[in-house]
Structure formats: structure tokens, C-alpha cells
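Written out below as C-alpha cells is the structure these notes cover.
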Amino acid sequence: MIRKLLKKIPSPFGRPAHRRTTPAIIPASQHALKRSQISRNAVTVVERLQQAGYQAFAVGGCVRDLLLDMDPKDYDVATSATPEQVRATFRNCRLIGRRFKLAHVYFGREIIEVATFRAGHADDSDNDADLGREQSLQSESGRLLRDNVYGNLEQDAQRRDFTINALYYDVCTGNIHDYANGVQDIRNARVRLIGDPVQRYQEDPVRMLRAVRFAAKLDFEIEPHSAAPIAELAELLYDIPAARLFDEVLKLLLSGQGERTFELLLHYDLFAPLFPDTDEAIDEQPDYTLKLIRQALRNTDERIREERPVTPAFLFAALLWPALPQRTRELEEQGIPTIPAQQQAAHELLAEQCRHTAIPKRFSLPLREIWDMQPRLERRNGRRADQLLEHPRFRAAYDFLLLREAAGEDTGGLGRWWTRYQEVGADERRRMIQQLSSGEPAAKRSRQRRKRKPSGGAEH
């Protein structure tokens, strides 16, 4: 009842995007998309579903990207068949999801994701009961907890998030069905929500992140009506499960447009819910923090363009590093030595971060190693330098040291020293180590010898 009343109140952010009651059917002669561009396996799925008597289309991002002359990463199919009917049609099919039930059809390494047409979620008592709908579920804030209300093609188009994702391509006729003026928004380079933005963001706050991601990926602008409520509603992201936000962060920052995405996240106040401690570091030390993060993202974007490997561990290490020194200093003031203080601060920082974006151990463990090696890179006497060179994380730690220096940290030329140490031969390396020893104050060397003698030469 409350939701029905709210729907009658005009949105303070303007008028919702126009909805068509009938689709604009764009014939094959009026667009550049060809059946041959579609994945052969996706075409197979569409054709077999149509032969079984169901409606089926290639849909969403693959249609959008091909119209923009981009290579889709995957292919999705929308159909009138229920997930169970899809599974009955394909032996190589598996059903996934509870919040949003889907069918995955497997062709070797390629997975074609098949979604049943969905209807709206707001108490639609007039929906056709024969469509096999299931009850949807929303939280008090309006967030969708379950979304398996099945509908028809028109309903499915109107409940999709953005107009540019509500395009349906019929591989048999070559026609594109466009219920939401998506083709026009592609031509105008706009990311536009379908429906009232406040309601749509409340249903799923991650749509705010998706708007930013599409704007960065496609070099589009977020349409003003769709952009207006984002900053006000950004705090809704605090209620999203941390594991889901981790997946979204990977899509945002490892797409090849990480630097531009970061700027948009800052602009719309979406960065703080994802990285609250780093956001505080930006307020306290903006020049250094922003320079380090931007450089890390710039490097990542370049590696992706060059098709070189990237690891989330390194990027998360850079994103969180600016928040580490303050925590370390607070522990040092309690009398804890520097290295143990940094290790404890790192543990606490990561534990806090995982409440917002749940970083899996396969990334958090190498991240910790990169951090832990930073003070170790300063300790180069004896055999330590060669031992560090052999460490499996040395290259990542060295690159991270260079990143810190590029952001303005004064390390006393440590990066330059390690660069040279890797380039020269064994004799020159020994001379470099001897120079380090001879350059230390005599009192310091004396203290080191006195410390080692009682322990029988063991290092601490």
C-alpha cells in the first residue's frame, strides 16, 4: 500500500524516461547488426527455443556492443520459456540463482545465459497468471530480494535497468525490438534509466554503479534525470552484500577504463561506500592519495589495453595503502615497533574493508605480502637483497615501491637502488651491498653486532 501511494507522488528529480506501449521494430535494412556477428552458440539457443514454440531473442549488452562496433564479452538470451522449460530443451543446461533464477546453457567454455521474461515487481494484480510468475520480495527500503515474477516481452523490456540494455535482436528475422528508445540513446551516447530513477535505484542500488560503469566503458554521459538522485542515494550501497560489491568493483576498475570510472565514482559520491577508509585518506591527504590511486589505475588500464595480465591483489593494495600509515602511526604511539605495527594495522584495515567489499583470500593474502615486503625492501644487507629477489612477490612489491615513489613518497632513492640491483652482475651487486654497509654510521653497526652476539648470530 505504501509503495502504491509513493508511486503517485511526483519524483523531485523530474519525469521518468518515456516508455513505449508498442515496440519500435527496426528492420535489418535499417541497422548494421548482422546475424553472423552473433555467437554461433547463442544463435543455436535462440533457434532451438523458437523451434520449441517459445519467443527468444539475443538481448542486452551484446546487442548494444555490436551496434557500437565493440566485441561483446558474453551473449545473453531472453525468452518466454521458464527456466525449467529451458532446461527441458537443452541437456547441457543448468539452473542457477535464487534471487534471480537463470538458465546457463554450456557449450564447452562458452556459457549462454538464458533469462525468462520478467514482469514488474510492484503488486501487479493484473498480470497473466498463466505466465508462471512467482512472488517477488522487497526489503523495507525497496531493495529487491527476489525477482522471479515472469511476464511477457513488453514487460521484460520495461523492467530492465537502462534503455541501451533493453534491445532484443531476432536472429531469424534480423529485426531489433526497441521498447525504450534504446537505439536513440546509443546514438546520443546517453545512459538512461527506464522508469523513475529513485524507485529503480531503491530496488537495486547497484544500478548506480552500473550507470557509472557503462558511462566509463562506452564513453557516454549519464542522462541528467538518471544522474540527479545518485549522490543522495549512494548510502544505499552500505546495505548491499559485501561479496556482491567485490564483484562489482572488479567490473568497475578492471574493465580498461578504471581511471575514468574512479573519477565518476568520486563525482557521484559512490567511492565512499566501497572504500570508506580510503575515502577518509583522500580527505586527509588528497594530493598523495589521489595521485597514487590514479597512477595505479592508469597503469592497470594500460596493461589491459596491451593484453598483459593484471591482478586484483595489486590494485586493492594500491587502493587501500593510503589508509594504512595513519593506523600504523596510532599503533606505534602505543609503543609497538614499526613492522609489527604495520602488520597489525594491515590486518585491521583489511578486516574493516571486507565488511564493505569482501576481498577473497586468494587476493588478500598476496596483497598482505606486497605490503609486508615494503619495509623489508629497505633491509638489504648481507644476503637479504638476493633472498628478496627470489621471493615470488618481489616483482609486485618492487612495482608497488615505484608506484609509491611516483605518488610523491620519499624513500631515499630505494626504487632506483633496486632497479640497478636487478640490472647489474654479481660482482657489482656485492659492491652495492658493501657500499650500504660502509655508508651506515659506526654506532649503528656496533649496536647490530652487540645485538647478534648474545643470540648466537640468529636474526630477529
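The values are calculated or read from the model by the stated rules, or taken from the named source; none is laboratory data. Note that the structure is a prediction, hence the values are computed from the model and not measured. Glycine also receives a Cβ, built like all others from the backbone with ideal geometry; neighbour counts cover every protein chain displayed.
Tabulated data for the structure shown
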read-out: Check on PRO309, part of a helix (DSSP H, G or I) and not small (Gly, Ala, Ser); value: no
read-out: Members of the range 407-430 that are surrounded by 15 or more Cβ atoms within 10 Å (Cβ to Cβ), assigned to a helix (DSSP H, G or I) and not aromatic (Phe, Trp, Tyr); value: LEU414, GLY415, ARG429
read-out: Qualifying residue in the range 246-260 (condition: in contact with a His (Cβ under 9 Å, 6 or more places away or on another chain) and crowded, with 22+ Cβ neighbours inside 10 Å); value: no
read-out: Checklist (1) basic (Lys, Arg); (2) in contact with a helix residue (DSSP H, G or I) (Cβ under 7 Å, 6 or more places away or on another chain); (3) touching a residue at least 24 places away in the same chain (Cβ under 8 Å) applied to ARG305, failing item; value: (2)
read-out: Residue satisfying all of: in the range 261-284; more than 12 Å from the chain's Cα centre (by Cα) and aliphatic (A, V, I, L, M); surrounded by the fewest Cβ atoms within 10 Å (Cβ to Cβ) among these; value: LEU266
read-out: Top-ranked residue of the range 396-442 - restricted to ones that are among the acidic types (Asp, Glu) and under 23 Å from ALA313 (Cα atoms), ranked as nearest to the chain's Cα centre (by Cα); value: ASP399
read-out: Pairs, first among the acidic types (Asp, Glu) in the range 171-197, second at pLDDT 95 or above and surrounded by 23 or more Cβ atoms within 10 Å (Cβ to Cβ), C-beta under 7 Å, six or more apart; value: ASP178/LEU167; ASP185/THR163; ASP185/ILE164; ASP185/ARG192
read-out: Among residues of the range 221-249, those that are assigned to a helix (DSSP H, G or I), touching a Pro at 6+ places or on another chain (Cβ under 6 Å) and touching a residue at least 60 places away in the same chain (Cβ under 8 Å), counted; value: 3
read-out: Residue that is modelled with the lowest pLDDT [pool: residues in the range 326-362 that are assigned to a loop (DSSP other than H, G, I, E, B) and among the β-branched types (Val, Ile, Thr)]; value: ILE336
read-out: Within the range 316-333, tally of residues that are touching a helix residue (DSSP H, G or I) at 6+ places or on another chain (Cβ under 6 Å) and closer than 15 Å to ALA406 by Cβ; value: 3
